[in-house]
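Okay, structure first, notes after.
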Amino acid sequence: MLRRLARKAIYQAATWEPLYGQVRKRQLGGKAVVLMYHELASDDDDVEAWTVVKHSDFIRQMDYLRDKFDVVNLSEAVARMAQPCSADRPMAVVTFDDGARGNHDVLLPMVEQLNLPVTIFVATRQVQDQRPYWFDRLVNALQVEVPVTVSLPAVLPDTYVINKTRGASNWAKIEQLLVALKNLEPVAREQAVDVIIDSLGQNIPRLRGIAPLAINDIKELASSRFVTIGAHSHCHNILTQLDHTAVLESVLRSKELLESWTGRNVVYFAYPNGDYNDSVISAVAAAGFEAAVTTVPRPWVSGENAFALPRIGVGRYDSLDVFKVRLVGGIGHFLN
């Protein structure tokens, strides 16, 4: 409790506007920030998932962003960052990963109401199959009222007790489990997730859960002048775990499907889990993409490799003060 209060006080002090305004100007002059979201839900949806941001929190974040930044689409940001820039106001780009149903049901009405440009990176297999990827299936299964214990000694390094607490501390436990699973090879990971979900079958989830967009949802999103559709691979596996041929097939498949569904060129890519290397970059470039975003959490500086653009993640448990600090690259930047 004391640690949480101390952390809250630090972030409140750091975002005191006279101080924070100077830091923002110093750290972000001539730069841009690319924000990474995943899913939005109404405030009544009691979800234990960092990836699901509350509607009201997102509105507050966007209000602040539009007040202090030029919020532009990714194409404009790429063009402007290719030129020397001395503008007083930094740019901001808002992106969403995966392609969850709330991107249509919750985000799209806000985009139209606020005239807010966004880029949505869609992983296409879950859209095609209407079956969420392993991480969302697991998070959905863990949305139960009772504590659950996950233990697979043959493949996981620890035992994970979920739902013993609530909020950010509970998500930290879920995230530990997700990270351990990410370290497995894709086939072993799918098998492990199926075993875990089967073991939770007697518990009834509280919520409908995170679900993928439908093809018609993507068509409607693409018809908005404020929405750019990007690709996020077909398989959503960690691409550095695959050979070059498999990466190229997944990357190309996602591009082809999205272009067939939307009738638009798809030229931007987001690496699943943010993982990439030279081989992955060459596959993305060979597939015809013009730029790609990572999960490296810092501002975007002019001259960056177009296929390794940094992005700052925003989640459910981030207060507005934490959001503001992340915009400048983290608390350490206040000391620079």
- Item | Under Karplus coefficients 6.51, -1.76 and 1.60, residue-wise ³J(HN,Hα) of the range 71-77 in Hz, glycine/proline x | 8, 10, 7, 5, 4, 5, 5
- Note on the structure: For the range 311-324, Karplus-derived ³J(HN,Hα) couplings (6.51, -1.76, 1.60; θ = phi - 60°; whole Hz; x for glycine and proline) come out as 9, 10, x, 10, x, 4, 9, 8, 5, 4, 5, 5, 4, 5
- For V52, enumerate residues with amide H under 5 Å from its amide H, sequence gap 5+ or separate chain, H modeled in the peptide plane. R316
- Message: Amide H of V122 versus every other amide H placed in the peptide plane: which residues, excluding those fewer than 5 positions away on the same chain, fall under 5 Å?
- Response: G230, A231, H232
- Counting only residues 5 or more places away or on other chains, whose amide H sits under 5 Å from the amide H of K31 once H atoms are built in the peptide plane? M91
- For the range 180-194, in residue order, the Karplus 3J(HN,Hα) values (coefficients 6.51, -1.76, 1.60; θ = phi - 60°; whole Hz; Gly and Pro = x) are 4, 5, 4, 6, 7, 5, x, 5, 5, 5, 4, 5, 5, 5, 4
- Name the residue, out of L320, L213, L40, whose mean-square fluctuation peaks in a Gaussian network model built on the chain with Cα pairs under 10 Å. L320
- Under 17 Å Cα to Cα from K219, which lysines show up? Leave out anything in the same chain fewer than 8 places away. K255
- Item | Answer label, with percent of Cα pairs over 39 Å apart calculated from the coordinates and candidates (i) 46; (ii) 12; (iii) 21 | (ii)
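Which loop GluC sites (Glu not before Pro) in the range 238-300, with loop taken from DSSP, have no more than 11 other Cβ atoms within 10 angstrom of their Cβ?
Values: sites: E249, E256, E259, E290; in loops: E290.
Here no loop site has a sparse enough neighbourhood.
Let's see if you can work this out: charge +1 on each Lys and Arg Cβ, -1 on each Asp and Glu Cβ, no other charges. What is the dipole magnitude of the chain about its Cα centre, in debye to the nearest 20?
Magnitude of the dipole: close to 1080 debye.
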- For the table K25/K324; K54/K182; K31/K324; K8/K173; K8/K31; K8/K68, the rows whose alpha-carbon distance is greater than 18 Å are K54/K182; K8/K173; K8/K31; K8/K68
- Using alpha-carbon positions, what is the distance between the centroids of the range 122-149 and the range 272-311, in Å? 26 Å
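Just want the ordering: T149, T15, T240, T295, from fewest to most Cβ atoms lying within 10 Å of their own Cβ. It would help to have the intermediate numbers written out before the result.
On the way: T149 11, T15 22, T240 14, T295 17.
The most exposed by this proxy come first: T149, T240, T295, T15.
Every number here is computed from the coordinates shown, using simple stated rules; none is lab data. Bear in mind that the values here come from a model prediction, so they are computed numbers and not experimental data. Note that we place each Cβ from the backbone using ideal geometry, even for glycine, and neighbour counts take in every protein chain shown.
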